[in-house]
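Asks: Take a look at the following structure, please.
The values are calculated or read from the model by the stated rules, or taken from the named source; none is laboratory data. Treat the numbers as computed from the prediction; the structure is a model and nothing was measured. Every residue, glycine among them, receives a Cβ derived from its backbone with ideal geometry; neighbour counts consider all protein chains shown.
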Amino acid sequence: MADTGCVVVVGGTSGLGLEIARHYAGRGRDVVVTGRDPDHAAKVAAELGPVTKGIGFDLTRPAGIAAALAEIGPVDHLVLAAIARDENTVAGYDVAASLHLVTLKLVGYLEVVHALLGRLSRDGSIVVFGGLAKDRPYPGSVTVSTVNGGVLGMINVLATELAPIRVNAIHPGIVGDSPYWAAKPPVVLDAVRARTPTGRLVTMADIVHAVVFLLENRSVNAANLAVDGGTLLR
């Protein structure tokens, strides 16, 4: 496939999204990073390189997404990596927090695809970030587990409706060197490492490598890739 369009990374101003954007910017690709704050998105884009563009919009306010993306395109690859941390239980259910996360991933993600659909290359691809909470719930994950389960249905319907555009999902394990997990007490990460068959934690480089594979391998479609070192085996 010839590289004729840009790479759009929604949630590309920090964390894993930023590392994916950095990878493609380093390869000389036109990259668009998005975040909630347009000024911060522009600052990050400038740091990534002269052909990177930053734009701001809020996935939890989907009515404004199409206008924010109006000047973007054509698009070869789309990565939906924006996340929100949520701790919610059935017993102490926080409706507002739950609506925030559900709207961000299950409505906002889809509105981005809808807004860009006419500019996505027929040879292009989409990667959606889910998470292993869909398989391994934990206290406080009722909304996270539910939403990440919804990602399974999302990629199946998108891969069907958007064919031949490919749509895949990545479900990372605990990424030990990401800003969120690196700030945790070492004992927490040591416990995860001890029950991981590979004997090591997932790294941000591992996630970038996996996302690039899902985006660029032209025969991988409607796949849910767990990148966790095999923790689901235990």
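Asks: Mind checking whether some residue in segment 86-98 is within 17 Å of the chain's Cα centre (by Cα), under 27 Å from H209 (Cβ atoms) and not small (G, A, S)?
Replies: Scanning segment 86-98, I find no residue that is within 17 Å of the chain's Cα centre (by Cα), under 27 Å from H209 (Cβ atoms) and not small (G, A, S), so the answer is no.
Asks: Restrict the check to segment 4-16 and report whether at least one residue is closer than 22 Å to V211 by Cα, of a type in the set (S, T, N, Q), in contact with a Gly (Cβ under 9 Å, 6 or more places away or on another chain) and not in a loop (DSSP other than H, G, I, E, B).
Replies: no
Asks: Being without any contact (Cβ under 8 Å) to a residue 40 or more places away in the chain and under 14 Å from N148 (Cα atoms) is the filter here; which residues of segment 68-98 pass it?
Replies: Scanning segment 68-98 gives a single hit, A84.
Asks: Here is a follow-up. Suppose we keep only residues that are of a type in the set (A, V, I, L, M) and buried (at least 24 other Cβ atoms within 10 Å of the Cβ) within segment 14-28. Which one would you say is farthest from W181 (Cα to Cα)?
Replies: A21
Asks: Need at least 1 residues that are closer than 30 Å to V95 by Cβ and either polar (S, T, N, Q) or out of contact with any Cys (no Cβ under 9 Å at 6 or more places or on another chain) (or both) per element, so show me which helices (runs of 4 or more DSSP H) inside segment 121-232 make the cut, counting only ones lying wholly within it.
Replies: Where helices (runs of 4 or more DSSP H) fall fully within segment 121-232 and carry at least 1 residues being closer than 30 Å to V95 by Cβ and either polar (S, T, N, Q) or out of contact with any Cys (no Cβ under 9 Å at 6 or more places or on another chain) (or both), they are 142-161, 179-182, 186-194.
Asks: Identify, please: which residue in segment 215-234 is over 17 Å from the mean Cα position of the chain (by Cα) and closer than 18 Å to V202 by Cβ and is, among those, modelled with the lowest pLDDT?
Replies: So, considering only residues that are over 17 Å from the mean Cα position of the chain (by Cα) and closer than 18 Å to V202 by Cβ, the one modelled with the lowest pLDDT is R234.
Asks: Would you pick out the residues in segment 17-33 that are in a loop (DSSP other than H, G, I, E, B) and of a type outside the set (K, R)?
Replies: Passing the criteria: G28, D30.
Yes/no matrix, rows are residues, columns are (1) modelled with pLDDT under 95; (2) among the charged types (D, E, K, R); (3) within 19 Å of R119 (Cβ to Cβ); (4) surrounded by fewer than 17 Cβ atoms within 10 Å (Cβ to Cβ):
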site: G12; (1), (2), (3), (4): no, no, yes, no
site: D30; (1), (2), (3), (4): no, yes, yes, no
site: H40; (1), (2), (3), (4): no, no, no, yes
site: A46; (1), (2), (3), (4): no, no, no, yes
site: T52; (1), (2), (3), (4): no, no, yes, no
site: F57; (1), (2), (3), (4): no, no, yes, no
site: E71; (1), (2), (3), (4): yes, yes, yes, yes
site: L78; (1), (2), (3), (4): no, no, yes, no
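Asks: Please specify each residue of segment 80-100 satisfying the condition of being of a type in the set (A, V, I, L, M), surrounded by fewer than 21 Cβ atoms within 10 Å (Cβ to Cβ) and not in a loop (DSSP other than H, G, I, E, B).
Replies: Hits for segment 80-100 are V95, A96, A97, L99.
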